[in-house]
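The values are calculated or read from the model by the stated rules, or taken from the named source; none is laboratory data. What you see is a predicted model; the values in this text were computed from it and never measured. All Cβ positions, even for glycine, are placed from backbone atoms using ideal geometry, and neighbour counts span all protein chains on display.
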Amino acid sequence: FARKPMKQLQEELATKQGFKRTLNWIQLLAVGLGTIIGAGIFVLSGQAAAKYSGPSIIISFVITGVIALFSSLSFSELGTMMPSSGSVYIYVYVEYLAWFIGWNSVILYLFSVLTVVVAWSKHVVLFIDIVSDYNVTSMIIESPVAWNKDTEDFFVTDQVINFACCNYVNRNNYYPLFPPNKGSFSEYDVAGMLQACTYVFVAYVGFDSISTVAQEAKSPETSLPIAIIGSTIISLLLYVGICTVMVGLVPCNLLDRDSPLAEAIKTTPYGLWLSIIMNLGAIASYTTVALMGMLSQTRIFYAMANDGLLPPIFAKIHPQRATPWLSILIIGAFCAIFSGICP
């Protein structure tokens with residue numbers, strides 16, 4: 001099978017004029033957090049606690065976070081050696097195998113976008129329900145939300161607010177940490193905690209998206225490792241912290257809902273306003289995850305098109321904005337159509 005030598009790849013990156021290197025490590029970190037933090041906090045954590053682990057969901061997130069951290073170390077090293085937008089497609093560049101891996105990654109991001117968009121619609125409906133039930137003034141509903149280059153900062157801040165607002169916990173909800181097994185191998189006890197690990201590991205998927213914008217990083221040899229490893233560690237801390245609060249608010253058997261965190265927040269004295277803040281945070285979070293998923297797809301397609309494995313249209317760069325604009329339009333339309341069709 002044909003291979004692309006490392007020297008040839010580095011020469012292509014040095015000579016080809018494509019993306020502009022404008023992203024610093026803070027912006028790369030925001031890309032990683034924007035891709036990772038989504039359904040893991042708002043949906044998976046509560047459902048896994050209710051179905052499998054009970055309060056030990058906290059330990060499940062620690063275990064899966066450490067495993068994800070090992071994987072992020074590999075991505076950091078490979079991304080530094082090969083700072084290309086192709087990510088895993090470039091890392092395993094062997095003819096046919098690279099094509100398969102590239103499409104596998106694109107399909108993964110595609111289904112991530114479709115899933116998140118469906119969850120986004122549910123949270124919008126939930127937000128409208130909360131507003132309607134409590135007769136909040138129409139001024140809140142009609143207030144505009146300005147999305148700009150600081151969207152990532154808004155998103156991260158909203159996640160911190162969500163965590164800080166949830167401080168009404170009942171210690172009794174943490175016991176027993178490993179609820180007794182109910183006859184099924186995967187239901188509660190230590191086995192249930194391990195089963196929950198397999199359920200929530202997907203919550204850490206997303207740090208690899210940073211490597212898809214490596215070709216746009218100012219100093220990839222330093223900024224990529226900081227962003228990839230940093231986003232994994234921050235996500236781990238956020239997941240563990242919010243799971244600890246959520247499990248403390250309500251018994252785990254009440255968390256098997258489409259929006260378990262919202263159900264938990266409703267039990268606090270300020271449930272109305274905290275629910276509104278949380279749902280706005282969820283909507284912002286899902287929006288960011290969907291956008292980052294589409295961004296990653298366009299960058300992988302760009303690398304594949306440059307190697308002749310896709311039509312040249314996917315490698316066409318906008319002269320002013322330095323982005324693969326035709327690829328963005330095609331993938332955006334495709335995701336929009338299929339998210340409307342899929343349940």
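Before moving on, here are some points about what is shown:
- Meets criteria (modelled with pLDDT of 85 or more, touching a strand residue (DSSP E or B) at 6+ places or on another chain (Cβ under 7 Å) and among the hydrophobic types (A, V, I, L, M, F, W, C)) for L28: yes
- Scanning the stretch 286-333 for residues that are among the small types (G, A, S), modelled with pLDDT of 85 or more and in contact with a helix residue (DSSP H, G or I) (Cβ under 9 Å, 6 or more places away or on another chain) gives A290, G293, S296, A303, A305, A315, S327, G332.
- Screening A290, A284, A305 for residues that are more than 22 Å from the chain's Cα centre (by Cα) and not in a loop (DSSP other than H, G, I, E, B) leaves exactly one candidate, A305.
- Per the listing I234, I210, the residue uniquely crowded, with 19+ Cβ neighbours inside 10 Å, at pLDDT 90 or above, in a helix (DSSP H, G or I) and among the hydrophobic types (A, V, I, L, M, F, W, C) is I210.
- Exclusive hit being surrounded by 16 or more Cβ atoms within 10 Å (Cβ to Cβ), without any contact (Cβ under 8 Å) to a residue 24 or more places away in the chain and either over 20 Å from P324 (Cα atoms) or of a type in the set (F, W, Y) (or both), set Y109, Y91: Y91
- Verdict on S105 being of a type in the set (S, T, N, Q), within 22 Å of L224 (Cα to Cα) and at pLDDT 80 or above: yes
- Check on G40, closer than 30 Å to G192 by Cα, in contact with a Phe, Trp or Tyr (Cβ under 8 Å, 6 or more places away or on another chain) and at pLDDT below 80: yes
- Evaluation of A68 against (1) closer than 18 Å to D307 by Cβ; (2) in contact with a Phe, Trp or Tyr (Cβ under 8 Å, 6 or more places away or on another chain); (3) buried (at least 20 other Cβ atoms within 10 Å of the Cβ) (one fails), failing number: (1)
- Unmet criterion (only one of (1) in a helix (DSSP H, G or I); (2) at pLDDT below 85; (3) in contact with a helix residue (DSSP H, G or I) (Cβ under 6 Å, 6 or more places away or on another chain); (4) among the polar types (S, T, N, Q)) for T115: (3)
- Only one entry of E95, E142 meets the criterion of being of a type outside the set (A, V, I, L, M), within 30 Å of E11 (Cβ to Cβ) and modelled with pLDDT under 80, and that entry is E95.
To keep it simple, each residue is scored yes or no on (1) hydrophobic (A, V, I, L, M, F, W, C); (2) in a loop (DSSP other than H, G, I, E, B); (3) closer than 15 Å to S71 by Cβ; (4) at pLDDT 85 or above.
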site: V169; (1), (2), (3), (4): yes, yes, no, no
site: N173; (1), (2), (3), (4): no, no, no, no
site: F178; (1), (2), (3), (4): yes, yes, no, no
site: G192; (1), (2), (3), (4): no, no, no, yes
site: A196; (1), (2), (3), (4): yes, no, no, yes
site: E221; (1), (2), (3), (4): no, no, no, yes
site: P225; (1), (2), (3), (4): no, no, yes, yes
site: I228; (1), (2), (3), (4): yes, no, yes, yes
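- Counted residues, the stretch 83-120 - those being under 17 Å from the mean Cα position of the chain (by Cα) and over 30 Å from T222 (Cα atoms): 8
- Exactly one residue out of F75, F61, F42, F19 is in a loop (DSSP other than H, G, I, E, B) and surrounded by 15 or more Cβ atoms within 10 Å (Cβ to Cβ), and it is F19.
- Test result for A315, surrounded by 16 or more Cβ atoms within 10 Å (Cβ to Cβ), under 12 Å from G86 (Cβ atoms), in contact with a Ser or Thr (Cβ under 6 Å, 6 or more places away or on another chain) and among the aliphatic types (A, V, I, L, M): no
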